[in-house]
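This report refers to the structure that appears directly beneath it.
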Amino acid sequence: MAEPRSCEPRFSPPPHQPNVPAPGAAATGAAPAAATPGAPATPALPQAGPDEVALLIDDRPVVVRRGATVLQAAEKAGILVPHYCYHPGMSIAGNCRMCLVEIEKMPKLQIGCATAATPGMVVRTNNDRVKGVRAGIQEFLLINHPLDCPICDQAGECRLQAYEKDYGRGESRFVEEKVRFPKRYDIGRSVLFDAERCIKCTRCVRFCDEVSRSHELALFSRGDHAIIGTFPGRPLDNPYSGCTVDVCPVGALTWKPFRFKARVWFLKNVPSVCAGCARGCNVNLAVFRNRIHRMAPRPNLDVNAYWMCDAGRQSYDSLYSRPRFERPVVRAVPAAPRAGESAAAARPLRESPDPRAEPASLRDRALDLAAGLLREAARKGGPRALAAIVSARLSVEDLYLAKRVLGDLAGVARLAVPPHEEGEDDHLLIRRDRTPNARGAELLGFGAPSAARVREILDDVAAGRVRGLVVLGEDLLAIPGVAPAMVERLEALIVIDWWRSPTVDIAHVALPACGYGEFEGTVVNCQGRVQRLRPALRPPGEADPAWRILRDLGRRFDLTNEYAAPRAVFDEVAAKVPAFAGLNFSALGDLGAPVPGAPAGGAAGAPAVEA
Amino acid sequence: MAFEPLLTRNVGRPGSEAIDAYLASGGYQGLKRVLREFTPEKFVEEVKSSGLRGRGGAGFSTGMKWGFLPKGREKPRYLCVNADESEPGTFKDRLLIEKDPHLVLEGIIASAYAIECNLAFFYIRGEFHQGHRIFQKAVAEAHARGYLGRNILGSGFGLDIIMYRGAGAYICGEETALLESLEGKRGYPRIKPPFPALVGLYGCPTIINNVETLANVTLIAERGAAWYAAIGRPPKNTGPKLFCLSGHVKRPGVYEAPLGVPFLELLNEQAGGMAHPSRPLKAAVPGGSSMKILPASKCDVLLDFDSLAAAGTSLGSAGGIVMDTGTCIVGALLNLARFYAHESCGQCTPCREGTGWLVQILVRLERGDGRMEDVGLLADIAGRIEGNTVCPFGEAIAWPVDSYVKEFREEFEEHARRKACPLRAAAGR
Ligand SMILES: Cc1cc2nc3c(=O)[nH]c(=O)nc-3n(C[C@H](O)[C@H](O)[C@H](O)COP(=O)(O)O)c2cc1C
Ligand code: SF4
Ligand code: SF4
Ligand code: FES
């Protein structure tokens, strides 16, 4: 059954609107240019379909869809036409002039970004004439540039640098005074502007006009005094402002949280998915010395195009602002807390319950204890005495094993997923569901996140009907209306979480899980697309992926499967859960795949992703 | 045979801007004839066969341009009158607007009829306060007499005109920057294609014509294409033309003559020759500041589109600038470059960065800090701008630089060699 498409992203403007060719220039089906007699034979043009055009670029034949630009056709032929102002997700400005190429029968060079490919066109992107113009553009762009590359965040990722290396003359003939502009100009909440580095490509302006639709930026003044700016009282402050930094091809716009944090060539980019909301924007985690320094969107036209929101971009901050716990923690049990010892006086388990036993690991003993407590609670209270509160921030693998181990083997009768909603869905990416995997939880049989079901369990806890509670990835005490006193009667409070939440401190047994970026797994976004989270960091201490903790807990309940890796769990999900039928972990790749039944594809006719 | 003024026939008569004076001299008869005797398509053909070429600078066939409009009528068509006249040395449109607005208006109405447009925009240079006032009054008069508004002269054809004042940017005279400005945006030229005839104002098919072009349409409406096509240098350079002359000329001003009039005849016979008898002609830019310069030795040219192209320059907006031997060519170019650097819209790289660079080099040369290599550098920079920009403004600065250096290289080199402006040095300044 077709899923509602309400979550399908709609990107505007239509990413590509190459200009209509001059009247007559695009006569459909025009014969390819005949080779000049005596000239070396040009390669034959391939056959083009009805909605396609065939052309020659640097003697390479290429077939593209009708309406594609010369720049896109070249890209398809594996030829890079250098460009600054062109961005595949925005309208065409044609102002940088870096993409000028020679087209047979046209006296002037033409900009590849705005010229439609026409049948039989013969394009040269790399002859001396084109190269000379490129060198000229480079020289023009650099005459007033401050050349402060050593202290520029963009160094290493800067197009001015890259193109100067490839196309520049390597020296400047400019001996005049440079035009001076404001540097370190505070243009918005999280973005700093260096007007001297700006090449006036207007990508940032177009982003704010067309994508975020917040219209904060504009060009002011004329000639070589032209400068990007904001209007009085309206700084650059929209939920996507970080994307202006991404699209800026130079170091003019920098992201305050990343300024001077790392040299980009030391960063390792790990492809992953943002866990900030149900969209699951594709990202790269930029890691240096086991720390995430930057999170930036990774193009995926079916999900986030080229964008992500600012909140998501900094969502990894919590990894470094929240306290962690590196070893399992248990509260002295089963003895009641001694007088004067508060519930918060939990401490790592030190002594083995039985001094003569083989010295078991701390983790094993914590898991033994957890299993024992759950068994005991079930024995005393019957089938409805066990419940679990499970987070939609967990991966498919975590959730699947939670269901299997807790639900099927340990006899946990009720598993509820609390909702995390905030604000409203917006016009672009942001979903009010702030969890990355609510859809996955639903498909795995947890039902939709439900505050009512959580409340029901908590009422039963307060009434003493639930004696054993497992909390996975949620801070119980942060749920509105929950106080430590309410859960005091629990005989078993088992918590698995990545940070030392207040709930960890009152748990009978708490096991440290991996935080964001520290584990591998999959999540299902609001569109029903399964996407991979990749491990980028070494987890601290004994922190373990939740699925592995659950697996090992399961062993105490006669779980026999080995599940060597998330891949094994996922492939079992695909084999056993109909909603995931036919999926394959390896085949998910970097861009994910829709679950069967979820609407396929994204923005129709979407362009190739920029290299 | 003496040439009867056609475009300036009413100029100089007292009260020539009032509709009564215009009607008294036979005004609006041409419009009546067109509405009565021509279908819109036939009048487009008529203008085509008149040979009329645009007077705004590019000299493109007006009838042909109109013919580029798409056949379909899904969207309204607009006519934009380009009255932004801001090129240094060009002041011919202003004369028509202030002295004979109805001659222009009649042409606008006839042209709108031809291209089946019911709303025209009159984009007038912001500094033209008087012209704006006069033209607005003319529009009101025409409305009152039934030459504008609904059902003009009972023909069923209707037209309204919206007046729009520029805000002081030369670039807004470039037709697509004009459209952006009209739409309330920054005056940035658009990338072409698409051309305005297909995608123009508010995305609708649009024709942009110069004031003088439209005044010529009135003449064709009055007396027909065959008569018109015999004026000037047929078949390709037809009609009367307004020529501006400024600089070291005895009587600077606007002169009307048929296309193809010899430049020296215009200068010496009509404008009274050079301003100072002791300082003969050194150079001239017959077409206007954006065009290539001609040294005196090459000034024996006919003033029409094709003759000037053959001479290596262009008719442009016919804003002729005359320089005598007291002129420092480097200083003249610096003056010009300053204007272009100031007026570059700043959109595209070569023009934005190149114009400022050219100014700085010229300042150094003129100040006495020039280097020999600067002379070649000037030409090289111009060459890197030319042809590589969004709009023809790039050529408007590249052509002068290139030609001034080419024609007067020795003078540039002397600046560098002597580390001084030779003329200033001679004058003890
Ligand atoms: C920088 C620049 C400034 C221009 N300024 C004017 C102007 O002030 N008036 C004008 O009629 N045309 C101007 N033009 C030419 C217009 O772009 C356009 O060609 C003209 O208005 C077309 O009218 P026409 O076909 O009647 O000549 C300018 C062109 C450029 C590149
Ligand atoms: S700030 Fe960056 S993106 Fe914006 S115009 Fe300047 S160079 Fe382009
Ligand atoms: S050539 Fe100059 S005036 Fe024309 S678009 Fe480019 S910067 Fe603007
Ligand atoms: S990429 Fe084509 S002009 Fe900038």
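The values are calculated or read from the model by the stated rules, or taken from the named source; none is laboratory data. Everything numeric in this text was worked out from a predicted model, so none of it was measured. In this analysis, Cβ positions are derived from the backbone assuming ideal geometry, glycine residues included, and neighbour counts consider all displayed protein chains. The protein model used for the area step is the full one, side chains on, heavy atoms only, and it has no ligands, DNA or RNA in it. Shrake-Rupley method; radii C 1.70, N 1.55, O 1.52, S 1.80 Å.
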- Task: Check A:537, A:559 and return the single one that is in the same structural domain as residue A:328 (by TED's automatic domain parsing), surrounded by fewer than 24 Cβ atoms within 10 Å (Cβ to Cβ), part of a loop (DSSP other than H, G, I, E, B) and under 22 Å from the mean Cα position of the chain (by Cα).
- Result: A:537
- Filter the range B:327-368 for residues that are closer than 22 Å to residue A:100 by Cβ and touching a His at 6+ places or on another chain (Cβ under 8 Å) and give the result. B:346
- Message: Given the criteria modelled with pLDDT of 95 or more, more than 25 Å from residue B:15 (Cα to Cα), surrounded by fewer than 24 Cβ atoms within 10 Å (Cβ to Cβ) and basic (Lys, Arg), does residue B:145 qualify?
- Response: no
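Return yes when residue A:256 is within 30 Å of residue A:84 (Cβ to Cβ) and either within 16 Å of ligand 1 (Cβ to nearest atom) or at pLDDT below 95 (or both) and no when it is not.
Numbers: within 30 Å of residue A:84 (Cβ to Cβ): yes; either within 16 Å of ligand 1 (Cβ to nearest atom) or at pLDDT below 95 (or both): no.
Taking the combined requirement at face value, the residue does not satisfy it.
When you check residue B:178 against the structure, is it open to solvent by less than 10 Å² (accessible area, probe 1.4 Å), in a strand (DSSP E or B) and either within 12 Å of chain A (Cβ to nearest Cβ) or within 17 Å of residue B:128 (Cβ to Cβ) (or both), yes or no? Break it down stepwise before answering.
On the way: open to solvent by less than 10 Å² (accessible area, probe 1.4 Å): yes; in a strand (DSSP E or B): no; either within 12 Å of chain A (Cβ to nearest Cβ) or within 17 Å of residue B:128 (Cβ to Cβ) (or both): yes.
Spelling it out, it is not the case that residue B:178 is open to solvent by less than 10 Å² (accessible area, probe 1.4 Å), in a strand (DSSP E or B) and either within 12 Å of chain A (Cβ to nearest Cβ) or within 17 Å of residue B:128 (Cβ to Cβ) (or both).
Of the residues that make up the range A:153-174, is at least one more than 24 Å from residue A:429 (Cα to Cα) and within 16 Å of ligand 1 (Cβ to nearest atom)? Spell out the reasoning first.
Looking only at the range A:153-174, we keep the residues that are more than 24 Å from residue A:429 (Cα to Cα), and these are A:153-174.
Subset that is within 16 Å of ligand 1 (Cβ to nearest atom): none.
Within the range A:153-174, not a single residue is more than 24 Å from residue A:429 (Cα to Cα) and within 16 Å of ligand 1 (Cβ to nearest atom).
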- Take the residues of the range A:52-102 that are open to solvent by less than 10 Å² (accessible area, probe 1.4 Å) and among the polar types (S, T, N, Q): which is farthest from residue A:131 (Cα to Cα)? A:69
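Does the range B:332-347 hold any residues that are facing chain A (nearest Cβ under 9 Å) and on the phi < 0 side of the Ramachandran plot, and which are they?
Taking the range B:332-347 and keeping what is facing chain A (nearest Cβ under 9 Å), we get B:340-347.
The answer is B:340, B:341, B:342, B:343, B:344, B:345, B:347.
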- Message: Please count how many residues of the range B:335-363 are in contact (Cβ under 8 Å) with a residue 12 or more places away in the chain, basic (Lys, Arg) and within 16 Å of ligand 2 (Cβ to nearest atom).
- Response: 0
- Task: Scan the range B:228-255 residue by residue and report those that are assigned to a strand (DSSP E or B) and open to solvent by 20 Å² or more (accessible area, probe 1.4 Å).
- Result: B:232, B:233, B:246, B:247, B:254, B:255
- Query: Looking at (1) away from chain A (no Cβ under 11 Å); (2) within 22 Å of the chain's Cα centre (by Cα); (3) open to solvent by 20 Å² or more (accessible area, probe 1.4 Å), which is the only condition residue B:390 fails?
  - Reply: (1)
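Taking the range B:348-368 only, how many residues are outside any helix (DSSP H, G or I) and more than 8 Å from chain A (Cβ to nearest Cβ)? Before you say what the answer is, go through the steps one by one.
Kept after step one, since they are outside any helix (DSSP H, G or I), are these residues of the range B:348-368: B:348, B:368.
From what's left, more than 8 Å from chain A (Cβ to nearest Cβ): B:368.
Selection size over the range B:348-368: 1.
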- Residues being crowded, with 18+ Cβ neighbours inside 10 Å, away from chain A (no Cβ under 14 Å) and among the aliphatic types (A, V, I, L, M) - total across the range B:153-170: 2
- If you check residue B:322 against the conditions, is it assigned to a helix (DSSP H, G or I), more than 7 Å from every other protein chain (Cβ to nearest Cβ), surrounded by 24 or more Cβ atoms within 10 Å (Cβ to Cβ) and aliphatic (A, V, I, L, M)? no
- What number of residues in the range A:70-89 are over 20 Å from residue A:203 (Cβ atoms) and within 16 Å of ligand 3 (Cβ to nearest atom)? 0
- Output the residue which, of all residues in the range A:206-218 that are surrounded by 20 or more Cβ atoms within 10 Å (Cβ to Cβ) and among the aliphatic types (A, V, I, L, M), is nearest to ligand 3 (Cβ to nearest atom). A:217
- Message: Out of the helices (runs of 4 or more DSSP H) lying entirely within the range A:419-512, which hold 1 or more residues that are under 30 Å from residue A:362 (Cα atoms) and not acidic (Asp, Glu)?
- Response: A:451-462, A:502-506
- Task: Kindly establish whether residue B:384 is over 21 Å from residue B:292 (Cβ atoms), facing chain A (nearest Cβ under 8 Å) and without any contact (Cβ under 8 Å) to a residue 40 or more places away in the chain.
- Result: no
- Note on the structure: Scanning the range B:163-207 for residues that are within 10 Å of ligand 3 (Cβ to nearest atom) and of a type in the set (Gly, Ala, Ser) gives B:169, B:177, B:187
- Name, by its number, the condition in (1) more than 16 Å from ligand 2 (Cβ to nearest atom); (2) within 12 Å of another protein chain (Cβ to nearest Cβ) that does not hold for residue B:210. (2)
- Item | Options B:207, B:191; residue that is among the hydrophobic types (A, V, I, L, M, F, W, C), open to solvent by less than 10 Å² (accessible area, probe 1.4 Å) and not in a helix (DSSP H, G or I) | B:207
- Among the residues of the range A:190-235, write down those that are in contact (Cβ under 8 Å) with a residue 12 or more places away in the chain, within 14 Å of chain B (Cβ to nearest Cβ) and aromatic (Phe, Trp, Tyr). A:231
- Message: Among the residues that make up the range A:147-164, is at least one of them within 14 Å of ligand 4 (Cβ to nearest atom), farther than 30 Å from residue A:61 by Cβ, within 12 Å of another protein chain (Cβ to nearest Cβ) and part of a loop (DSSP other than H, G, I, E, B)?
- Response: no
- So is residue B:366 touching a Phe, Trp or Tyr at 6+ places or on another chain (Cβ under 6 Å) and either at negative phi or in contact (Cβ under 8 Å) with a residue 12 or more places away in the chain (or both) or not? no
- Of the numbered conditions (1) surrounded by fewer than 19 Cβ atoms within 10 Å (Cβ to Cβ); (2) farther than 13 Å from residue A:366 by Cβ, residue A:542 fails exactly one; give the number of that condition. (2)
- Message: Testing residue B:378 on (1) at pLDDT 95 or above; (2) open to solvent by 10 Å² or more (accessible area, probe 1.4 Å), one condition comes back false. Which one is that?
- Response: (2)
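Please pick out the residue among A:121, A:106, A:90 that is modelled with pLDDT of 95 or more, in contact with a helix residue (DSSP H, G or I) (Cβ under 7 Å, 6 or more places away or on another chain) and away from ligand 1 (no atom under 16 Å from the Cβ). Give the derivation first.
On the way: A:121 fails: in contact with a helix residue (DSSP H, G or I) (Cβ under 7 Å, 6 or more places away or on another chain); A:106 fails: in contact with a helix residue (DSSP H, G or I) (Cβ under 7 Å, 6 or more places away or on another chain).
After ruling out the rest, the residue left standing is A:90.
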